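Notes follow once the structure below has been shown.
The values are calculated or read from the model by the stated rules, or taken from the named source; none is laboratory data. Since this is a predicted model, take the numbers as computed values, not measurements. Here the Cβ positions follow ideal geometry from the backbone for every residue, glycine too, while neighbour counts run over all protein chains shown.
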Amino acid sequence: MNAADTGFILICAALVMFMTPGLALFYGGMVRAKNVLGTVMHSMVILGVVSIVWAVIGYTLSFGSDIGGLIGGMDFFALNGVGLEPKEGVDNLPHLAFMVFQCMFAVITPALITGAFAERIKFTGFLLFTVLWVIFVYSPMCHWVWGGGWLAGFGALDFAGGAVVHMSSAASALACAIYLGKRSGYGKQPFMPHNLPLTVLGAAILWFGWFGFNAGSALAANGLAASAFTTTHMAAAAAAIGWMVVEWIHRGKPTTLGFVSGAVAGLVAITPAAGFVTVMPAIVIGLLAGGICYGGVLLKHLFGYDDSLDVVGIHGLGGTWGALATGLFATTVVNEAGSNGLFYGNPGQLWIQFVSVVATWAFCFVMTMILLKIVDVVCGLRVNSEDENKGLDVSQHSEVGYQL
Amino acid sequence: MKKIEVITRPYKLDEVKEALTAAGIKGMTVSEVKGFGRQRGHTEVYRGAEYQVDFVPKVKIELVVEDALAAEVIKTIQNAARTGEVGDGKIFVSHIEEVVRIRTGETGNSAV
């Protein structure tokens, strides 16, 4: 066991934890005032519920002994055998440190989905859906990529969760947006963000926490962590500029919301690549992510689905671009445990990344649709129109965000 | 007695208030409103989507005065609030049937 690594990973776990309240504020500022608490509550309640689910069953399904490449066994059910001694295969950290670091990833991923069904979901339906989703979608995905499952065996590169966190939540978000339907008044009434300073604060917390997310995925306080930290930061900066410039040209003005959305898009895109690419390619990845995700956000108008807070546009397209970009720019010079990408003489990696993209989207979308149907039958998913008009704060929580 | 209702630019509030108090007016009620007339609104952009916002923030000043003072008060307000640009606003004058001072029970002109 290594004291520096242990200290570093625990701090990173705390940084990733902080991203979930950060997301709450990021999303909260973008909805209408009557839904601010309902939106914030989604992320906060996930912090509570998913942490427990992870400890009891999620961790073992993700990281237990492999069964057929698809799922983990019950070795670590209720954290049995997860203690102060290192885990087999990760000998520099106490097992608990590794588990609790992973816990924070399991928490933020379902929180990302909440952006798609914002302003119209029933709290009970949301709770049941989230618990089922962590068990039946996140845990398998996590196992496939990081727990010794088939995608890892296939050679897919995903440093910090481009597939496990971003594409999975986006594919699921798309299913949710389609299944739940559009918000009442969508397209006719203007739905404008009610508190953009809150959104900017949330975005800043996400950027800060993402250092734990990406650098911590090195699982050690070493050069790779420093490299991932740097690529993360530069990609965010480049993407923020990229989005801002595209919007400036397209709509005539650079917007605050655009700049921070671009930063988030860049952070998403660099997530799978952070520990496999050098800094200049990271800047390219970020710059293109800014433009691609701006287009992704306009997509929903083209296809007619109401993804309230652009989970698909930013996490879906950003994660997909990042996964493919990893197949282009990965180099074993940065990380010998990885592979080389197309630009370093190995075009095969791009195909592997492509397969991981398709598998992730297909599995998560279909599985989520099934779960949505089950939850809808059991307790209902969408609020009735009177509750939707009153707002989630009053109808679901008997609270008002601002007593003005 | 006459009720005088002024809708005008928010930044003109202080100027109008000063002019009225200098002219001897003892009280008024102010509210923040929004509306439009000939003045156009503005465009807001959120994540690439454009929204046309028609309503413009304005301030509404309400005061009640004795009949004899109405014309002079209207002139005072107009001089203070006018900029010459579209969006200066309007003054509405209506008849007030009764005024009561709650503390003392006085009515009519002595309650104004």
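Within the stretch A:256-267, how many residues are under 20 Å from A:VAL312 (Cβ atoms) and within 14 Å of chain B (Cβ to nearest Cβ)?
8
Got a sec? Which of B:THR104, B:THR21, B:THR43 is polar (S, T, N, Q) and within 30 Å of A:GLY187 (Cβ to Cβ)?
B:THR43 is the lone residue from the list that is polar (S, T, N, Q) and within 30 Å of A:GLY187 (Cβ to Cβ).
Conditions tested, residue by residue: (1) surrounded by fewer than 23 Cβ atoms within 10 Å (Cβ to Cβ); (2) among the hydrophobic types (A, V, I, L, M, F, W, C); (3) on the phi > 0 side of the Ramachandran plot.
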| residue | (1), (2), (3) |
| --- | --- |
| A:ASP66 | yes, no, no |
| A:ILE71 | yes, yes, no |
| A:MET74 | yes, yes, no |
| A:LEU79 | yes, yes, yes |
| A:ALA97 | no, yes, no |
| A:VAL100 | yes, yes, no |
| A:PHE105 | no, yes, no |
| A:ALA111 | no, yes, no |
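Those residues that are in a helix (DSSP H, G or I) and either among the charged types (D, E, K, R) or within 12 Å of the chain's Cα centre (by Cα) (or both), I need them from the stretch B:12-34; list them, please.
B:LYS12, B:LEU13, B:ASP14, B:GLU15, B:VAL16, B:LYS17, B:GLU18, B:LEU20
May I ask you to list the residues in the stretch A:239-253 that are at the interface with chain B (Cβ under 10 Å from one of its Cβ atoms) and surrounded by fewer than 24 Cβ atoms within 10 Å (Cβ to Cβ)?
Scanning the stretch A:239-253 gives A:VAL246, A:HIS250, A:ARG251, A:GLY252, A:LYS253.
Of all residues in the stretch B:44-70 being exposed (fewer than 12 other Cβ atoms within 10 Å of the Cβ) and without any contact (Cβ under 8 Å) to a residue 12 or more places away in the chain, which is farthest from A:LYS300 (Cα to Cα)?
By that ranking, first place goes to B:ALA68.
In this structure, is B:GLY35 in contact with a Lys or Arg (Cβ under 7 Å, 6 or more places away or on another chain), away from chain A (no Cβ under 14 Å) and surrounded by 14 or more Cβ atoms within 10 Å (Cβ to Cβ)?
It is true that B:GLY35 is in contact with a Lys or Arg (Cβ under 7 Å, 6 or more places away or on another chain), away from chain A (no Cβ under 14 Å) and surrounded by 14 or more Cβ atoms within 10 Å (Cβ to Cβ).
State yes or no: is A:THR199 away from every other protein chain (no Cβ under 14 Å), buried (at least 18 other Cβ atoms within 10 Å of the Cβ), touching a Phe, Trp or Tyr at 6+ places or on another chain (Cβ under 8 Å) and of a type in the set (Ser, Thr, Tyr)?
no
Got a sec? Which strands (runs of 3 or more DSSP E) wholly within the stretch B:38-86 have at least 1 residues that are of a type outside the set (Phe, Trp, Tyr), within 14 Å of another protein chain (Cβ to nearest Cβ) and within 30 Å of A:VAL264 (Cα to Cα)?
B:42-46, B:49-53
Out of curiosity, is B:THR104 β-branched (Val, Ile, Thr) and surrounded by 12 or more Cβ atoms within 10 Å (Cβ to Cβ)?
The answer is no for B:THR104.
If I ask for residues that are assigned to a helix (DSSP H, G or I) and within 16 Å of A:LYS373 (Cβ to Cβ), which ones from the stretch A:172-188 would you list?
Listed by number, the residues that qualify are A:SER172, A:LEU174, A:ALA175, A:CYS176, A:ALA177, A:ILE178, A:TYR179, A:LEU180.
For every residue, the table says whether it meets (1) among the small types (Gly, Ala, Ser); (2) within 14 Å of chain B (Cβ to nearest Cβ); (3) surrounded by fewer than 23 Cβ atoms within 10 Å (Cβ to Cβ).
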| residue | (1), (2), (3) |
| --- | --- |
| A:ALA170 | yes, no, no |
| A:LEU174 | no, no, no |
| A:LEU180 | no, no, yes |
| A:PRO193 | no, yes, yes |
| A:ALA204 | yes, no, yes |
| A:GLY216 | yes, no, no |
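Restricting attention to the stretch A:133-160, which residues are surrounded by fewer than 20 Cβ atoms within 10 Å (Cβ to Cβ) and closer than 17 Å to A:GLY48 by Cβ?
Across the stretch A:133-160, the qualifying residue is only A:ILE135.
Please go through the stretch A:320-343 and give me each residue that is touching a residue at least 60 places away in the same chain (Cβ under 8 Å), surrounded by fewer than 24 Cβ atoms within 10 Å (Cβ to Cβ) and closer than 11 Å to A:LEU157 by Cβ, ordered by number.
A:ASN335, A:GLY338, A:SER339
Identify all residues within the stretch A:292-309 that are more than 12 Å from chain B (Cβ to nearest Cβ) and either in contact with a Ser or Thr (Cβ under 8 Å, 6 or more places away or on another chain) or among the small types (Gly, Ala, Ser) (or both); write none if there are none.
Answer for the stretch A:292-309, where residues must be more than 12 Å from chain B (Cβ to nearest Cβ) and either in contact with a Ser or Thr (Cβ under 8 Å, 6 or more places away or on another chain) or among the small types (Gly, Ala, Ser) (or both): just A:GLY304.
Mind checking whether some residue in the stretch A:268-291 is within 14 Å of another protein chain (Cβ to nearest Cβ) and over 21 Å from A:THR109 (Cβ atoms)?
yes
Being modelled with pLDDT of 95 or more, of a type in the set (Phe, Trp, Tyr), within 25 Å of A:VAL394 (Cα to Cα) and assigned to a helix (DSSP H, G or I): is that true of A:PHE105 here?
no
So is A:TRP361 surrounded by fewer than 16 Cβ atoms within 10 Å (Cβ to Cβ) and either of a type in the set (Asp, Glu) or under 26 Å from the mean Cα position of the chain (by Cα) (or both) or not?
Considered against the rule, which asks whether it is surrounded by fewer than 16 Cβ atoms within 10 Å (Cβ to Cβ) and either of a type in the set (Asp, Glu) or under 26 Å from the mean Cα position of the chain (by Cα) (or both), A:TRP361 comes out as no.
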